[in-house]
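The values are calculated or read from the model by the stated rules, or taken from the named source; none is laboratory data. Because the structure is a prediction, the values reported are computed rather than measured. Neighbour counts are summed over all protein chains in view; Cβ atoms, including those assigned to glycine, are modelled from backbone coordinates with ideal geometry. Protein only, heavy atoms only, side chains kept; ligands, DNA and RNA dropped before computing areas. Shrake-Rupley method; radii C 1.70, N 1.55, O 1.52, S 1.80 Å.
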Amino acid sequence: MKLKEYLDSLRGKTVAVIGIGVSNQPLIDVLLSHGIEVTACDRKSREELGVLGDTLTSKGAKLRLGADYLQNLREDIIFRTPGMRPDLPELQAAIANGSRLTSEMEIFFEICPCPIIAVTGSDGKTTTTTMIAELLRRAGKTVHLGGNIGHPLLAEAGDIHPEDIAVLELSSFQLMTMTRSPHIAVITNLAPNHLDVHRNFAEYIAAKENIFTHQMTKDIAVFNADNTITAEEACRALGRTRLFSRKQEVKDGVFLRGEAIIARSRGQERQIMTTNHIKLPGVHNVENYLAAISVVDGMVPDEIIQDFAGTFQGVEHRIELIRTRKGVRWYNDSIASSPSRTIAGLNSFHQKVILIAGGKDKGISYESLGPVINERVKLLLLCGATAGVIRQSVEQAANYNGLEILDVEDYQEAVSLADSHSREGDVVILSPASTSFDRFANFMDRGKTFKNIVNQLP
C-alpha cells in the first residue's frame, strides 16, 4: 500500500492523534491535508499550546486538551505517541469499543516502498544509526533517516522510491506494538533501562526483540556477540544472523583482531581498517563501527568507510567536545541517561575526569556506576533527583577511597566549581546517568543549556 492509498482508506473515518509533539505534527498535517477528520489530543492546556493550537485549529483539527484528554476516545483510528503505553485503561476501552490503535511508525512500516534498516539497543543506537545512514549516502544511496532519531517519515513516504533506503532508530516504546520487522535489524546491546515506564526488564527486552521477531528468512539481523542477552537472541533470529564483537572472532560479521577491524562472510575475510582510523574516542564507538560495518558490508566500499572514520566527529550531545579553555577540555554527554551510558563515557578517557552527573530517576540500579566513578573520576559534582543514589553507589563501593563529592544546585554552579577545580590537561564532562525530565524538556535541551553555560566562560 502506498501513502495515498492509505490516506484514501481513512476517508469517512475519524482519527485521534495522541500527543502533539515533534513526531506527530507532520502526521496531523498530512491527515488534515487529505480531508480526514482529526482530533489532536494532548495533556497540555490551550494556553500551553499557544500558537501551535491556533495553527492546528486553522487547518481544521479539533483539540482535546488538559487532564482528561484520554477520556471518551471513540475515534475509528487512534495514533498513540511513542512514549505512551498501549495498555492504558483509556486506550484499552477504546479498542474494546472498536477503535484501532496504531502509531506513526507502524503505518510507515506498512507503506514504506523501500528496504528498511533499523537499529535499537540500550546504548549507541543513535550514533550507529547515523553512521549507517552517512556511509550509505557517501556510497551514493538515497537515504531517508528517521524514527527515534527525531525525524518522522510517514508524511514523506510518498516521496520515497523503491531503490532508496530508509534507516531508522527505534526505541522500545516504538517497538512495543510492532507487528513488522525491518529488512536489516540491529541490536547494539541491552541493559536495564526505562524501568520507570516498562513494568520490568523482561518487558523492555520483549519490546526490543520486536525488531527481529517478525523478519522473514531472507532478512538479516545483527547482534552484539559480547552482550549476554543479544548473543542469546541471535540464536532465535529467522533470517541470516550477523554478529559483531570487540572480544572474539565471529563466523559471520565484523570483529576486532588486535587493532584490525575484520569483516568475515561466507568463509572469506578481509581487513576493513584499524582502530587508528577512528576519530571518535572510546571503545564503545569502536563497537558502534563494528555494528555499522556489519550492516553496510557489501554496500559501501572499504575506502569510503576508512575516510568516514577519519572525519566523523560524532552526534551532538554524545561525548561532544564543547571547547578547550586554558588547556581544559569540556565535553557534553547529555545523552547518557543511564549508568551504562555514563560508564562508557568515563571509559573513553585515559585519565581521571571531573564528572557532572544527576537527573531524574527512571527506576534502575546505580550500583554498577559507583566503582567506575571511584576509578575514573577525580571530582564528582552532583545535582538533580538522583544525586543521593549516585553518591550512595560511590561511597558504598568496595574501592571508595574518599573521592571528593560536591552537591550543586544547578549547572551554573557545577560549571563554576569545575572551572575553579580544573587544571591544564583536565577533562570536564557532563554525563548525567539519569534522564533529563526533572528540569529539562529532553536530553537535547539539557545538553544545550550546559553548552551555553560552558561557552559563556570568559
The stretch 218-294, dipole about Cα centre (Lys/Arg Cβ +1, Asp/Glu Cβ -1), debye to the nearest 20: 240
Order of exposure, largest accessible area first, which applies to Leu145, Leu379 with probe 1.4 Å: Leu145, Leu379
Mean Cβ count within 10 Å, highest first, over the residues of peptides 2-12, 411-421: 411-421, 2-12
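To check you understand DSSP bridge types, tell me what percent of the beta bridges within the chain (both residues inside) are antiparallel, rounded to 5. Mind dumping the intermediate values first?
Values: 18 of 73 bridges.
Antiparallel bridges make up about 25 percent of those DSSP assigns within the chain.
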Residues whose placed amide H lies under 5 Å from that of Lys378, excluding near-sequence neighbours: Val353, Ile354, Leu355
Structure-derived Rg and Dmax of the Cα atoms in Å - corresponding label in [x] 22.1, 74; [y] 23.6, 81; [z] 23.0, 69: [z]
³J(HN,Hα) computed for each position of the stretch 363-377 - Karplus, 6.51 cos²θ - 1.76 cosθ + 1.60, integer Hz, glycine/proline x: x, 10, 7, 9, 4, 6, 6, x, x, 5, 4, 4, 7, 10, 10
Leu145 long-range amide H proximity, modeled H, under 5 Å: Val167
Accessible area of Ser23 in the full protein assembly, 1.4 Å probe (Å², nearest 10): 40
Whole-Hz couplings from phi, Karplus 6.51/-1.76/1.60, listed for the stretch 384-400; x for Gly and Pro: x, 5, 8, 3, x, 6, 5, 4, 4, 5, 6, 6, 9, 6, 5, 9, 5
Cross-link reach list, aspartates and glutamates versus Lys378, counting only Cα pairs under 18 Å and skipping chain neighbours closer than eight places: Asp333, Glu395, Glu404, Asp407, Glu413, Asp419, Glu424, Asp426
Within straight-line cross-link reach of Lys4, lysines at Cα separation under 24 Å, skipping those fewer than 8 residues along the same chain: Lys13, Lys59, Lys62
For Ala16, distant residues with modelled amide H under 5 Å away: Thr39, Ile77, Ile78, Phe79
The stretch 95-110 - phi-based ³J(HN,Hα) in whole Hz, Karplus 6.51/-1.76/1.60, Gly and Pro as x: 4, 4, 8, x, 6, 9, 9, 8, 8, 4, 6, 4, 5, 4, 4, 6
Given charges at beta-carbon only (K, R positive; D, E negative), |dipole| of the stretch 361-443 in Debye: 220
Listed pairs Lys326/Lys451; Lys208/Lys251; Lys125/Lys448; Lys251/Lys279; Lys208/Lys448 exceeding 22 Å between Cα atoms: Lys208/Lys251; Lys251/Lys279; Lys208/Lys448
Fully extended contour minus Cα-Cα distance, from Lys59 to Lys251, at 0.36 nm per residue: 63.6 nm
Surface accessible to a 1.4 Å probe, Glu48 within the full protein complex, Å²: 120
Under 15 Å from the Cα of Lys247 - aspartates and glutamates, other chains or at least 8 residues apart: Asp226, Glu259, Glu287
Sulfur and carbon atoms: percent of accessible area, the stretch 1-142 [1.4 Å]: 49
Total charge dipole magnitude, the chain, about the Cα centre, Cβ charges on Lys, Arg, Asp, Glu only, Debye to nearest 20: 420
Positive minus negative residues near Gly310 (Lys, Arg vs Asp, Glu; Cβ under 14 Å): -2
Centre separation in Å (Cα based) which lies between the stretch 155-173 and the stretch 55-93: 25
The chain - accessible surface per residue (Å², probe 1.4 Å): 42
Apportionment of accessible area to carbon and sulfur, the stretch 364-443, percent (1.4 Å): 45
By average C-beta atoms within 10 angstrom, highest first, the peptides 88-97, 111-120: 111-120, 88-97
Exposure rank, largest accessible area first [Thr177, Thr102; 1.4 Å]: Thr177, Thr102
